[in-house]
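No lab work stands behind these numbers, since they all come straight from the coordinates. If you're wondering where the values come from, they're calculated on a predicted model, not measured in any experiment. Counting neighbours? That spans all protein chains shown, and the Cβs are built from the backbone with ideal geometry, glycine included.
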Amino acid sequence: MYIIRHFQAKDTFPVIHLASNVLTEHYDPSLFSYLYETNPWCFFVCEFQGKIIGFAIGIQFQEKTGRVLMIGVEKVFRRKGIAKSLLQQLHIEFQQKDFTKIELEVKTTNYGAIQFYQKHQYKIVEKVHHFYQNGEDAYIMELQVQYH
Ligand SMILES: CC(C)(COP(=O)(O)OP(=O)(O)OC[C@H]1O[C@@H](n2cnc3c(N)ncnc32)[C@H](O)[C@@H]1OP(=O)(O)O)[C@@H](O)C(=O)NCCC(=O)NCCS
């Protein structure tokens, strides 16, 4: 049974470890504590049998725009809907803030993540050349939020 919950201070090292295993970009470990301190409302983890196996971080990007900053799931737990559950939590937080748009960037070579976001109605709106540290290109993907 997986538990999706807000990040807590005790999750700092497990999340740093997981991020370094699953993300291709290297992030300074202090970034995670910084994001927790400044942005606790939109930092989630997935726990399974006491172990952190996924995480997702969203931020406010502009007045009415949210940004999916990072999302990652441990390899052996993929394709089970964990990222979907994490993304849904980010969407709930974004909707509570009445954001009308959600953006993110993803490597143009990251086929799995692009498929994942497209499955959740994100559209590619722009390609940014040399976006990443290693010179790789990024797609900017966007979801327009509909309120009924
Ligand atoms: C992208 C990622 C977060 C998806 O996590 P996940 O828990 O496997 O995703 P879910 O199970 O919720 O969704 C799976 C769906 O996403 C898409 N998908 C995910 N990985 C895929 C892959 N390798 N190839 C094709 N489609 C893929 C498919 O639509 C899939 O549905 P299906 O299994 O029915 O075909 C995960 O692969 C990951 O951690 N990747 C490394 C980190 C990363 O790239 N993060 C995104 C950029 S920050």
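Brief remarks follow.
- Condition check for Glu25: within 15 Å of the ligand (Cβ to nearest atom), of a type in the set (Asp, Glu) and part of a strand (DSSP E or B): no
For every residue, the table says whether it meets (1) in contact with a helix residue (DSSP H, G or I) (Cβ under 8 Å, 6 or more places away or on another chain); (2) over 27 Å from Ser33 (Cβ atoms).
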site	(1), (2)
Val45	yes, no
Gly58	yes, no
Gln62	no, no
Phe77	no, no
Val125	no, yes
Val128	no, yes
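- Contacts under 7 angstrom Cβ, first residue in region 97-119 being free of Cβ contacts under 8 Å to residues at least 60 places away in the same chain and β-branched (Val, Ile, Thr), partner assigned to a strand (DSSP E or B) and within 8 Å of the ligand (Cβ to nearest atom), 6 or more apart: Ile102/Val68; Ile114/Val106
- Here Gly81 fulfils each of the conditions (1) near the ligand (Cβ under 9 Å from one of its atoms); (2) within 25 Å of Val128 (Cα to Cα) apart from (2).
- Note on region 82-148: enclosed strands (runs of 3 or more DSSP E) holding 2 or more residues that are surrounded by 14 or more Cβ atoms within 10 Å (Cβ to Cβ) are 101-107, 138-144.
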